Amino acid sequence: MRKAGAGRHGELFTWNMPLDLAQTTTTTSTTVPGPPCVLGVDEAGRGPVLGPMVYGIFYLPLPLSDPLLRTTHHFDDSKVLTPTFRSALMSTLCTPATDLHTSCGWAISSLSARDIGAGMLRPAGAGYNLNAQAMDATVDLIRGVYARGVNVTEIYVDTIGPPAAYQAKLERVFPMAKVTVAKKADSLYPSVSAASVCAKVTRDAALETLWRNRGGGGGGGDGEEAATMDWGSGYPSDARCSSWLKANMHPVFGWGPECRFSWGTAKDLLEVGKAGPVKVDWPVDEDADTLRVTDFFVGRDEREKDSDELGTWFGTPAGLEAF
């Protein structure tokens with residue numbers, strides 16, 4: 001397992017629960033690949049103004065995909081499963097000696113609200129949009145599985161845009177696998193359903209942690225924390241979320257690391273005249289683009305002309321002749 005970043009303070013967070021399906025070498029010159037595996041990719045939290053966007057991957061041997069995930073454990077699109085059932089699946093997955101723990105591997109990458117906003121709000125021409133951030137997170141997670149020697153032969157992804165274009169990009173990066181990108185993949189392919197559960201449970205836990213860091217109370221347990229958090233689900237369409245944003249906006253700094261400042265919802269509230277934030281004027285140095293290095297040095301004649309008691313008290317300014 002590996003984790004990077006602290007997550008709770010708004011940094012990128014990655015967690016891997018690897019499965020030992022690496023290639024095995026039988027002779028000094030021949031490498032026999034491990035069992036062919038299927039890998040699914042899905043995300044949770046693409047649209048909210050609060051909290052991270054979490055990407056999850058899930059992989060296991062191909063023959064086990066349908067019987068283990070769909071038939072035995074009833075994985076499905078996380079949105080149609082109850083919070084209690086999602087948490088129970090995750091608990092089984094993380095419990096040693098269970099069939100899910102011994103047969104499956106998974107990983108998540110949590111893109112914090114702060115990182116998302118910082119990327120999207122870069123200066124003109126250098127913006128790092130959400131689709132690009134999502135693509136990079138997907139590629140990094142899949143590469144991590146290949147780096148452990150897992151023989152992934154099929155990859156299924158829930159699309160973040162036009163499926164054909166997204167699929168073509170991934171096929172160029174992973175030509176060794178059959179890549180399928182489809183709408184509603186989290187309902188069609190068991191490995192994507194499992195990835196969606198990993199991503200959703202992780203995002204729910206992240207929201208609860210962010211809420212506690214702001215001094216809020218604990219969640220309701222079993223994924224029911226949204227019912228006891230004043231900001232609700234974190235989606236702009238959630239009345240509790242919009243009400244919380246309006247009631248808890250700092251007049252200068254807005255909100256904390258839980259907020260995506262690049263979202264229109266946050267931008268509108270921060271506009272002067274709509275919610276009453278403090279207007280900040282940043283001084284502009286009109287000569288900033290015309291200054292030369294030599295402008296910082298004084299010539300002999302100018303030094304003698306402009307010198308005064310305070311200007312020479314601690315020494316004489318160096319002229320160009322000193323260099």
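Among the residues in the range 186-201, are any of a type in the set (Phe, Trp, Tyr) and over 23 Å from residue 150 (Cα atoms)? Within the range 186-201, none of the residues are of a type in the set (Phe, Trp, Tyr) and over 23 Å from residue 150 (Cα atoms).
Okay, residues lined up against (1) farther than 19 Å from residue 130 by Cα; (2) modelled with pLDDT of 95 or more:
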position	(1), (2)
152	yes, yes
161	no, no
168	no, yes
177	yes, yes
185	yes, yes
191	yes, yes
195	yes, yes
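For the range 114-123, the candidate set comprises residues that are more than 19 Å from residue 56 (Cα to Cα) and of a type in the set (A, V, I, L, M); within that set, the residue that is surrounded by the fewest Cβ atoms within 10 Å (Cβ to Cβ) is 121. It is to be established whether one or more residues within the range 211-229 are modelled with pLDDT of 90 or more and of a type in the set (S, T, N, Q). Scanning the range 211-229 turns up no residue that is modelled with pLDDT of 90 or more and of a type in the set (S, T, N, Q).
Within the range 51-62, residues that are surrounded by fewer than 24 Cβ atoms within 10 Å (Cβ to Cβ) reach partners that are assigned to a strand (DSSP E or B) and of a type in the set (Val, Ile, Thr) with beta carbons closer than 9 Å, at six or more positions or on different chains, in the pairs 61/38; 62/38; 62/153. The set of residues from the range 96-122 being in a loop (DSSP other than H, G, I, E, B) and free of Cβ contacts under 8 Å to residues at least 24 places away in the same chain comprises 96, 97, 98, 122. Here 111, 93 are screened, and the one residue that is open to solvent by 10 Å² or more (accessible area, probe 1.4 Å) and touching a helix residue (DSSP H, G or I) at 6+ places or on another chain (Cβ under 7 Å) is 111. If the condition is being open to solvent by 40 Å² or more (accessible area, probe 1.4 Å) and of a type in the set (Gly, Ala, Ser), then the range 129-174 contributes 147, 164, 165.
Looking across the range 240-267, the residues that are under 21 Å from residue 120 (Cβ atoms), open to solvent by less than 70 Å² (accessible area, probe 1.4 Å) and either at pLDDT below 75 or not hydrophobic (A, V, I, L, M, F, W, C) (or both) come down to 242, 254, 256, 257, 258, 260, 262, 264, 265. The C-beta contact set for the range 71-95 (first residue free of Cβ contacts under 8 Å to residues at least 24 places away in the same chain, second residue of a type in the set (Val, Ile, Thr), distance under 6 angstrom, 6+ apart or interchain) comprises 92/98.
Applying the criterion of being open to solvent by 10 Å² or more (accessible area, probe 1.4 Å) and part of a strand (DSSP E or B) to the residues of the range 27-43, the residue that is nearest to residue 167 (Cα to Cα) is 43. Every listed requirement among (1) surrounded by 24 or more Cβ atoms within 10 Å (Cβ to Cβ); (2) not basic (Lys, Arg); (3) not in a helix (DSSP H, G or I) is met by residue 69 save one, (3).
Summed over the range 76-90, the residues that are out of contact with any strand residue (DSSP E or B) (no Cβ under 9 Å at 6 or more places or on another chain), surrounded by 14 or more Cβ atoms within 10 Å (Cβ to Cβ) and closer than 18 Å to residue 188 by Cα give a count of 3.
The values are calculated or read from the model by the stated rules, or taken from the named source; none is laboratory data. Quantities reported herein were computed from a predicted structural model and do not represent experimental measurements. We place every Cβ from the backbone using ideal geometry, glycine too, and count neighbours over all the protein chains shown. With ligands, DNA and RNA removed, areas are computed over all heavy atoms of the protein, side chains included. Shrake-Rupley method; radii C 1.70, N 1.55, O 1.52, S 1.80 Å.
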